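Here the structure comes first, spelled out in structure tokens, and everything after it is commentary.
A short reminder: the numbers here are calculations on the coordinates, not readings from a lab. The structure presented is a predicted model; accordingly, all values stated were derived computationally and were not measured. A quick note on method: Cβ atoms are made from the backbone with ideal geometry, for glycine too, and the neighbour counts reach across all protein chains shown.
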Amino acid sequence: MTKILAYKGGDYCERKYYDASTPERLAAAYLHLFRFLDKLELYEHLKVPAMYIVAPRDHPEGCQCYPCLDLPKKLKRREQGEARRIQMHGWYCEARAGSARAAEMLLLARRDYRNEEIEFVELEAV
Ligand SMILES: [Zn+2]
């Protein structure tokens, strides 16, 4: 049975299909798709290891401006997403260096994300 890795396309391009009928071809397909999505700049935020949050400077304690009020929420969001983000950043760097395994981990972890949806299709031989 022939296996196909299908990229569902999205805002930037049409659907794409890759031959995934052997482990070697699947690995090549993951790496190729990763490089393609990287060129579309879908991973820009993964190029840095952590979300950079700056607290407003010289604001008095109890300041009611929006950046001050929003800061605890931002820090909490960062804490919750941090482990996942660090992991994805690691995969991103390894995939950039040519690791098909890292490209696979990244693509599968993000397979439900907008513009990053992938699925497997099996072709029946008759
Ligand atoms: Zn303030």
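Structure notes:
- By the count of neighbouring beta-carbon atoms within 10 Å, fewest first, His45, His32 end up ordered His45, His32.
- For segment 37-105, applying the loop criterion from DSSP together with a ceiling of 11 other beta carbons within 10 Å to the trypsin sites (Lys or Arg not before Pro) yields Arg57.
- Members of Lys3/Lys74; Lys47/Lys73; Lys8/Lys73; Lys8/Lys47 lying beyond 32 Å, as alpha-carbon distances in this model show: Lys3/Lys74; Lys8/Lys73
- Length gained on full extension, Lys39 to Phe120, computed as 0.36 nm times the residue gap minus the Cα-Cα distance: 26.9 nm.
- Against the compact-protein benchmark of 2.2 N^0.38 Å, the Cα-based radius of gyration of segment 2-123 scales to 1.37.
- Its DSSP H runs of at least 4 residues, each contributing -39,500 (n - 2.57), put the calculated 222 nm mean residue ellipticity of the chain at -16000 deg cm²/dmol, to the nearest 500.
- With only the Cα atoms considered, segment 42-88 has a convex hull volume of 86 Å³ per residue.
- Summary: within the chain, the longest segment free of chymotrypsin sites (Phe, Trp or Tyr not before Pro) located in DSSP loops with at most 14 other C-beta atoms within 10 Å is 53-112.
- With 0.36 nm allotted per residue and the present C-alpha distance subtracted, the Ser21-Asp58 stretch has 7.3 nm of extension available.
- Within the shell of other residues whose beta carbon sits under 15 angstrom from the beta carbon of Glu104, the net charge comes to +2, with Lys and Arg scored +1 and Asp and Glu -1.
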